[in-house]
Amino acid sequence: MTAVSVDAKGGRVFAIALALAGWVVKFIAVVLVIATFNFILVHAAPGDPAQVIAGQSGASDEKLLAQLRAEYGLDKPYPIQLANYLKRVVTLDLGYSYRQQRTVASLILERLPATLLLTATAFSLALLSGIILGMLAGVRAGKWSDTVLTVVSLLLYATPVFWLGLMLVLLFSVQLDWLPAFGYVTIGVPMTALQRMVDIGWHLILPAVSLAAVYLAIYTRLMRSSVLDVTHQDFIKTAKAKGLKQGRIIIRHILRNAMLPIVTVAGMQAGALVGGAVVIETVFAWPGLGRLIYDALLQRDYPVLLGVFLVMSVIVIALNLLTDAIYRVIDPRVSVRAAS
Amino acid sequence: MNRREFAKLLGLSATALSGIPLGVTRAVGQTKGGTLNTIIQPEPPILVTALNQQQPTLTLGGKIYESLLRYGSDLKPLPGLAESWTVSPDGLVYTFKLFPGITFHDGKPLTSEDVVFSVTKVLVETHARARGTFLRIEKAEAPDPLTVVFTLKAPFAPFLNSFDCTTAPIVPKHVYDGTDFRKNPANAQAIGSGPFKLKEWVKGSHVHLVKHEGYYRKGEPHLDEIIYRVIPDGASRAVALEQGKVQLTQWTDVELFDVARLSKLPNVEMTTKGYEFFAPHFWLEFNLRVKPMDDKRFRQAVMFAVDRKALLQRVFFNLGKVATGPVSSKTRFYEKDVKQYDYSLDKAKALLDEMGLKPGADGKRVSIKFLVPPYGEIWQRSAEYFKQSLGRVGIDLQLENLDLAGWAERTSNWNYEMTCNLLYQFGDPALGVSRSYITANIRKGILFSNIAGYSNPEVDRLFEEAAVATSDAKRQELYTAVQKIVVEEVPIAWMVEQDFPNFIDKRLKNVITTGIGVHETFGAVTLG
């Protein structure tokens, strides 16, 4: 292949080990800094969980507030609360939600599969079709099919995701009655594992398509301009001059090079997908993590908020590392050290 | 083409699909049995009503936990767990006789010991609203398994109005005795004695209740199961109702602007009955510590300046009634012969002029910050309506939006100028009304106390005497007197007695039968 790192073999192993160690140190440092910031941010919001519970109960007194604050540990000074929290983070203890009377870990684990299923489906759908459509548009730049694709992607990009979701529900659930309007699985009906999977799949279609739409638009447009960029590079001219077939040029030369910006953006957005589905989860009553965060925020359920933030930051950091790794696979010019 | 045909069209495995009703709920059958699908939103944190009194908890918990009494639409007591009851002539001794054969969901019997334990040990510890009433008990006795005797320290008229399922849910002593109630692991099972018991709770998705086989009322419950679905989005809830996925909605499940449209659905009926016990009262709240709101004339001007009929029509879509004073006309002891504040900009302006609040060059007399509570569409629209209305007489409102925690923090600590609020009346003025006006209840940091800071010794005296008077006639006299004073002084600008729509599938019977409405046990509800 082309210009790989020219170090001797032992040097390469050492470099990789060093890079890995560096990653781990950075990872832990970033997580702790994020945890501290989260704590400060969450507690900076006015009001506390005791007042929310009182506010939603229609009646309140001093004793109730004092009881609730003691339960949440809010009667202690902030530095002590922060120290307690960081101690728990280090020991991988996410804490306990007094509001829901459950451990935060169990609350997150319960919600995570639904969110991952939704976001991973939407993400793959958006990425895959975005790349293909962007490719088509880019290769046929200026032709009518390009214009159609560009206009459609612009429209999708400009459409609020909740509105799109509601319109899809109106069309496919209310008018046509083809797809379920909301929920994760049909409730109260005994099903075999296979039936359950199919049932979840049916429920997944509308939310996944709605969520994918905006990202699809982004990838399509990005891919189109990236393809146009690469098409005018000298090595493509060289390939054409060598007499390579158009299809081979597109796949081997254009696609591979045009993918880099997509990977960058996708890497950043993959993180957002974990927590960014709150609107879709709300519209489709999808029992995911986004709603857990949103509710916890309104309820000032600090342990849950902090727990989810922490898990999300870990996932985002991990996805960024993964993005770095994918760079190397797609573009061997990116060295271990440069990526670290 | 329906969903199943569509699936086949797409060429999906027919074998995998056959037998799945794909979102269609189980066939709803005859009078006996069946599944009621309904909505719960927002999702409650826990289901134990003795420990949490948020609205959704109470709605759902009413099926799981029962109390000694129920209340008709006229708020008169009806038998609940108690078959009969007597009150001594001095108003001090209350004796309840329980129905025989009551069992908890774990099969253990419910006896008078459980009642005494729940009321005197659990509720006074965990339930802010019940605490105010039950701390008045001098002694509670259980002379035999079916008899409970409460002796009060002093007469307290609304005592008999405090045994609904939201105020006094009965919990099992054998589960909670000697434990930390809030941390008891049994809270996850929510063991009560109601006609339905918890089968499964998938957080974020649904709560599944099934029939309690050992229920003490013969033939009840009729339904096999109730499924409360968590549907956070208003538009999706409307779709669920339109598609027949749910057969019942309550409280704010259906947005008010959707009510007229959905009322035309052929398969459902709409009623606003069943909220008499709560009688939610919507009002504009002043901070009387801030000028010029300390002046009675200013508050009267506000009453004159807001066209409450228009507010009711435009913002509340006519779901409710114009409020005329502190006591809801749906409850007992309401007095309608009080000072009337008809809509009159001239009267409002005259009062403001008289105070010396003259309009400046920009037409503004005074600028006031208004906190908009985060309870949804109605609240936002109401705030905008107040801004428009008061703007016409030169009172400039600056709207400020906050989330619930922020709003609660600011208002309860008196760090506000004007806001609006909705309070329940809980079946008796001594429980739900006096708390907003009496001096003793000016308590910083506490929501639903007298946050305005209103204080009038005569009002204090009348409310106090009315709470302990033993005859209804005497109480009416005292409450009439106090209503006349308070309406003259306008410590709070009462706007609307808000109604909430219940949409009920026409196949459902006996859903709203009492003043507690959707909080009832649903033991008598039938489908088919």
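The values are calculated or read from the model by the stated rules, or taken from the named source; none is laboratory data. Since we're looking at a predicted model, the values are computed, not measured. Cβ atoms come from the backbone with ideal geometry, glycine included; neighbour counts cover every protein chain shown. Heavy atoms of the whole protein, side chains included, go into the accessibility calculation; ligands, DNA and RNA do not. Shrake-Rupley method; radii C 1.70, N 1.55, O 1.52, S 1.80 Å.
What to note about this one:
One line per residue, one yes/no per condition, for (1) assigned by the TED database to the domain that holds B:P491; (2) open to solvent by 40 Å² or more (accessible area, probe 1.4 Å); (3) part of a loop (DSSP other than H, G, I, E, B); (4) among the small types (G, A, S):
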{"position": "B:P292", "(1), (2), (3), (4)": "yes, no, yes, no"}
{"position": "B:Q300", "(1), (2), (3), (4)": "yes, no, no, no"}
{"position": "B:Q340", "(1), (2), (3), (4)": "yes, yes, yes, no"}
{"position": "B:A350", "(1), (2), (3), (4)": "yes, yes, no, yes"}
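- Note on the stretch B:354-378: residues that are among the hydrophobic types (A, V, I, L, M, F, W, C) and open to solvent by less than 20 Å² (accessible area, probe 1.4 Å) amount to 4.
- Residue in the stretch B:361-381 that is among the hydrophobic types (A, V, I, L, M, F, W, C) and within 12 Å of another protein chain (Cβ to nearest Cβ) present: yes
- Residues being open to solvent by less than 10 Å² (accessible area, probe 1.4 Å) and of a type outside the set (D, E, K, R) - total across the stretch B:417-453: 19
- Residue check, A:L194 open to solvent by 30 Å² or more (accessible area, probe 1.4 Å), within 14 Å of chain B (Cβ to nearest Cβ), of a type outside the set (V, I, T) and more than 22 Å from the chain's Cα centre (by Cα): yes
- Between B:V366, B:V322, the distinction of being in the same structural domain as B:R308 (by the TED database) and touching a Pro at 6+ places or on another chain (Cβ under 9 Å) belongs to B:V366 only.
- Pairs, first within 25 Å of A:V185 (Cα to Cα) in the stretch A:203-220, second of a type in the set (D, E), C-beta under 8 Å, six or more apart: A:P207/A:E281
- Sole residue being in contact (Cβ under 8 Å) with a residue 12 or more places away in the chain, within 14 Å of chain A (Cβ to nearest Cβ) and open to solvent by less than 20 Å² (accessible area, probe 1.4 Å), chosen from B:V115, B:V122: B:V122
- Extreme residue, nearest to B:F500 (Cα to Cα), among residues of the stretch B:262-290 that are surrounded by fewer than 17 Cβ atoms within 10 Å (Cβ to Cβ) and among the aliphatic types (A, V, I, L, M): B:L265
- Considering the stretch B:385-480, the qualifying helices (runs of 4 or more DSSP H), each wholly inside and each with 3 or more residues that are within 14 Å of another protein chain (Cβ to nearest Cβ), run over B:404-412, B:429-432.
- Among (1) within 14 Å of another protein chain (Cβ to nearest Cβ); (2) in a helix (DSSP H, G or I); (3) buried (at least 19 other Cβ atoms within 10 Å of the Cβ), the one test that A:L298 misses: (3)
- Boolean, B:V202 is without any contact (Cβ under 8 Å) to a residue 40 or more places away in the chain and either of a type in the set (A, V, I, L, M) or open to solvent by less than 10 Å² (accessible area, probe 1.4 Å) (or both): yes
- Taking the stretch B:230-239 as the range and being surrounded by 24 or more Cβ atoms within 10 Å (Cβ to Cβ) and more than 7 Å from chain A (Cβ to nearest Cβ) as the test, only B:R237 passes.
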